[in-house]
1. Express in nm, to one decimal, how much length is gained between E248 and A399 on full extension, taking 0.36 nm for each residue of separation and deducting their alpha carbon distance.
2. What do you get for Rg/Rh of region 155-273 when both radii come from the Cα atoms and Rh is the Kirkwood radius?
3. In whole Å, what are the Cα extents of region 250-305 along the three principal axes, biggest one first?
4. What's the magnitude of the charge dipole for region 316-399 around its Cα centre, counting Lys and Arg as +1 and Asp and Glu as -1 at the beta-carbon? Answer in Debye, nearest 20.
5. Starting at the first residue of region 366-381, write each ³J(HN,Hα) from the Karplus equation 6.51 cos²θ - 1.76 cosθ + 1.60 with θ = phi - 60°, in whole Hz, x for Gly and Pro.
6. Considering only H376, H332, H14, give the residue with the highest GNM mean-square fluctuation for the chain, with springs between Cα atoms whenever their separation is below 10 Å.
7. State the dimensionless ratio Rg/Rh of region 123-188 (Rg: radius of gyration of Cα atoms; Rh: Kirkwood radius).
8. Provide the descending list of Cα extents for region 212-266 along its principal axes, expressed in whole angstroms.
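A short reminder: the numbers here are calculations on the coordinates, not readings from a lab. Fair warning: this is a prediction, and the values are worked out from it, not measured in the lab. Positions of Cβ are generated from backbone atoms using ideal geometry, with glycine treated the same way; all protein chains shown enter the neighbour counts.
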Amino acid sequence: MPGRSEPVLPEEDHAAQAAFARLLQVAQSFKGLLRERVTRLLVAAAEAILKLADVDLVRHEVDEERGGHTLALWEELAPVMGSTVQHVNELIASATEQFPAPEEEDGPDNLDDAFGPDIGAEPAEQPARSVEEEIAQLVAGVCSGMRRDVARLGERLRNPTVMSDPWMLIQDLLEFRGRVRAALGELIYQVCSFVAEVDRQDVIPGYLAELDAALVVRQATISLAFLFRGHARRIGSAADDRIAAALEDALKDLRAFSRTRGLPHLRTSDKRIFLESRATLHRLAKQAPAPAREIRQAVENMARFLDSMSVVSRRENLRLHDRAQLARAGRHLETAQFQLATAEVARRELSVAVRAAGALYGRDAQLDAYLRAQRHFPVEWLHDPELAPEVERLAAVLAGVPPP
């Protein structure tokens, strides 16, 4: 491609390298002059996704005081703000240069509407658009949404309330970057789908990393929620002179969670609640005599917050992931059912089905309970006569999982 080389990526970022390679390969399937324009569009969008990768602006270390955290200073935040707007504006200019917006079309109000159910839909009486026109329509929708979101971000930065609260400032910035990455990823996927059957993870740089982060958040927070609900019950029924020891047990699990990738990958609003609640519990743990009533209330508040983290399963990348894993588990479970006469094959297929279901940990309480039991007595240990009942049991559990 004249004047453009393949982006230079970190050698260790194998997933992003593979996505770029596949993206460029798909772009070659477009015909004639459209091929170069599409290639430029896809590369620009992919580069922007990597430039707008998530950044950690909250320091959440557990220091000697156990519970400390700091927010990025303005000297660190301001350059990120400036580069974010610059990258988005550059992408808009590059995309619209390759695919100018149709004059008669009005873009959506924001990025949430850019890929709504009616995007690209044509009234029945109008002729179908060409591929070039469809791509131009997609680009117009995404760019219009980005322009409006940039303007909205600017309005927020002029709001004294936001500027006086670093938490709100960081939240607005990171949410904006995340929304742009999601929109550009969907643009790449939609454009590639015109000429090839692709999975998002194959052509969107950073998609696998964001999916992995979402899975870590779901699994880590659900595990902590399960443990902390037990702590809340024990602390709620503990005598006042025993409550400090019970609280220390709960804090051990909070410290264990704080060492995982789940904490830095929390969204900013959730991170704020967790860190402030954690600090409150550490403060109460140091008071003597132990303020029993305040401890019980603070522990219950933390437990409720952790329970509410189950909504992470509503994220679109997790919904797509869970749909695929449910289907995979179902296929292997069906094979196990048909192969019960051959215990070795049935056990192997059942084991694969359980591993596929394991990727859904955090989506459904009954499935979570089943998977926790598997840690102690996995299906690989079952006697041959127990395989058929176990296949039926897992099938019943999966049938109860709400559809993604």
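1. On the way: separation 151, 0.36 × 151 = 54.36 nm, distance 3.92 nm.
Fully extending the segment from E248 to A399 adds 50.4 nm.
2. Details: Rg = 20.3 Å, Rh = 17.7 Å.
Looking at region 155-273, the ratio lands at 1.15.
3. 36, 19, 14
4. Numbers: 11 positive and 12 negative charges, 60 e Å.
The dipole of region 316-399 has a size of about 280 debye.
5. Those phi angles translate into 5, 5, 4, 4, 4, 5, 5, 5, 5, 5, 8, 9, x, 5, 4, 8 Hz.
6. Between H376, H332, H14, it is H376 that shows the largest mean-square fluctuation.
7. Values: Rg = 16.6 Å, Rh = 13.9 Å.
A ratio of 1.19.
8. 42, 16, 11 Å, listed from the longest principal axis down.
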